[in-house]
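Structure first, commentary second.
Bear in mind these aren't lab numbers, they're just calculated from the coordinates by the rules spelled out. Keep in mind the model is a prediction, meaning the values are calculated, not measured. Quick reminder, even Gly has a Cβ in these numbers, built from the backbone with ideal geometry, and neighbours come from all protein chains shown.
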Amino acid sequence: MSKLYGEEYAKVVWRAEDVGDLKPKWTLAQCEEFLQEIDRHFTDRLTEEGWEVLRAFTDMSKDFVDFDEKEDDEEEDDDE
């Protein structure tokens, strides 16, 4: 069976207990309600920040991998 998308990386999960660390006077139920209320906005913001972080790491890619940058240039030419 083929996958629609490739592997997933850098998953982040937040739990009510994490909110409780920041808001120790809130009950677990309040922390869960808070996360439910902000879920869509939180996801959108984390995605935006994630793209910025991914862009920064790809800009520094030579620090992590030794790929032939010429391949990227050739692929861009093929797209034109």
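Side notes on the structure shown:
- Within the stretch 48-68, residues that are in contact (Cβ under 8 Å) with a residue 24 or more places away in the chain sit with their Cβ atoms under 9 Å from residues that are part of a loop (DSSP other than H, G, I, E, B), at 6+ positions apart or across chains, in these pairs: GLY50/ALA10; GLY50/VAL12.
- Hits in the stretch 1-41 (condition: among the small types (Gly, Ala, Ser), without any contact (Cβ under 8 Å) to a residue 12 or more places away in the chain and surrounded by 10 or more Cβ atoms within 10 Å (Cβ to Cβ)): GLY20
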